[in-house]
Amino acid sequence: METGLKGKIALVTGSGSGIGKAIALGLAREGVGIAVNDVNQQNAEGAVAEIREMGSSAMAVMASVADETAVKKMAERIVAEWGGIDILVNNAGVTNHLLIEDTEGKEWERVLSVNLSGAFNCSKAVVPSMKKRGGGRIINIVSYSGERMTMIGGVSYTSSKSGIWGLTRQLSFELGPYQITVNGISPGNVITPMLKSGTTPERLEAMKKWYPLRDMPTPEDIADAAVFLASDRARMITGINLAVDGGVTVPIAIGVDWDTYVRVKKEEVEKIKAKAKR
Ligand SMILES: NC(=O)c1ccc[n+]([C@@H]2O[C@H](COP(=O)([O-])OP(=O)(O)OC[C@H]3O[C@@H](n4cnc5c(N)ncnc54)[C@H](O)[C@@H]3O)[C@@H](O)[C@H]2O)c1
């Protein structure tokens, strides 16, 4: 598939680890120069080294996405060194596993400041360069909890993810005339350090049963979707929230798993047969 991505420049936030790193590597494979942002320097430098080994360009740009001034400086540095920014992936995220009664205001602010204000700060910082270049792509990593709820994270996480999905819709309208598309990707449960922090290996294995496809997405599955949305092939797609979740959000009857679903329907057949015999 011709993606038109060769020579483009991307800023991927939180790309020292997990989903962000897979997206950075996926875009780099298509010839995109990657500004690897993270707060963890060792991880960021590790991702940069992997990308360079692949023969693509990369630089580490350390900043907390929650810090508006640092984000502005980071974007200015990328533009000064590489000439501009074509793609922004707002991926950096944090979570906790707390009920509302255990969530201090400071903790609520911490999650919202990274997951939501971080996406605002980065989007605002890259728009001038995208406008100058005649277009761009903003891809926001949402979560199915942005439209529903989370079983593993907490109230601040779900609220932040609903917020970034709202930001996605609003920006797709505002930035459309500048040929900047803005889309969300909502992963299912992806086994990364973040997910591992809120569960156990046994539970992770058991979770596969929730999935119609009987498997959970990998970071690379999310990266494939991001590469597509960043490419020329997705030029007419904006304002969507693409679920890459193995169908986990399809069932509407909470608590009804596949075994129950099939058993109830088989029982119905038996009832029909019994009635016909009478
Ligand atoms: N893992 C899942 O099941 C899952 C599901 C749905 C959505 N998501 C979302 O995907 C994104 C990536 O999550 P992940 O699972 O790869 O987690 P992860 O913890 O492996 O990666 C998150 C990265 O963000 C970085 N980061 C944290 N705070 C930052 C800040 N202030 N500024 C810059 N970087 C910062 C971390 O250092 C880390 O490298 C998050 O937005 C998360 O909410 C994850």
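Just so it is clear, none of the values below were taken in a lab; they were calculated from the coordinates. Just so it is clear, the model here is predicted, and its values are computed rather than measured. Here Cβ is always computed from backbone atoms with ideal geometry, including for glycine, and neighbour counts include all displayed protein chains.
The table that follows gives values for the structure above.
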item	result
Residue satisfying condition, being touching a strand residue (DSSP E or B) at 6+ places or on another chain (Cβ under 7 Å) and either of a type in the set (D, E, K, R) or farther than 25 Å from Ala24 by Cα (or both), within set Asp215, Asp221	Asp221
Matching residues, the stretch 130-153, being more than 12 Å from the ligand (Cβ to nearest atom) and over 15 Å from Val89 (Cβ atoms)	Lys131, Lys132, Arg133, Gly134, Gly135, Met149
Unmet criterion (only one of (1) touching a Gly at 6+ places or on another chain (Cβ under 8 Å); (2) free of Cβ contacts under 8 Å to residues at least 60 places away in the same chain) for Val227	(2)
Single residue of Ala243, Ala206 found to be under 20 Å from the mean Cα position of the chain (by Cα) and within 16 Å of the ligand (Cβ to nearest atom)	Ala243
Condition check for Leu175: under 24 Å from Thr238 (Cα atoms), of a type in the set (A, V, I, L, M, F, W, C) and assigned to a helix (DSSP H, G or I)	yes
Filter result (within 18 Å of Ser143 (Cβ to Cβ) and either loosely packed, with under 10 Cβ neighbours inside 10 Å or touching a residue at least 60 places away in the same chain (Cβ under 8 Å) (or both)) within the stretch 241-278	Asn241, Ala243, Asp245, Val248, Thr249, Ile254
Of residues in the stretch 1-21 being among the hydroxyl-bearing types (Ser, Thr, Tyr) and more than 6 Å from the ligand (Cβ to nearest atom), the one farthest from Asn121 (Cα to Cα)	Thr3
Residue match in the stretch 65-75 (condition: more than 30 Å from Arg233 (Cα to Cα), acidic (Asp, Glu), near the ligand (Cβ under 9 Å from one of its atoms) and not in a helix (DSSP H, G or I))	yes
Total residues in the stretch 1-24, condition more than 22 Å from Arg77 (Cβ to Cβ) and assigned to a helix (DSSP H, G or I)	3
Filter pass, Ala35 being on the phi < 0 side of the Ramachandran plot, in a strand (DSSP E or B), within 13 Å of the ligand (Cβ to nearest atom) and in contact with a helix residue (DSSP H, G or I) (Cβ under 6 Å, 6 or more places away or on another chain)	yes
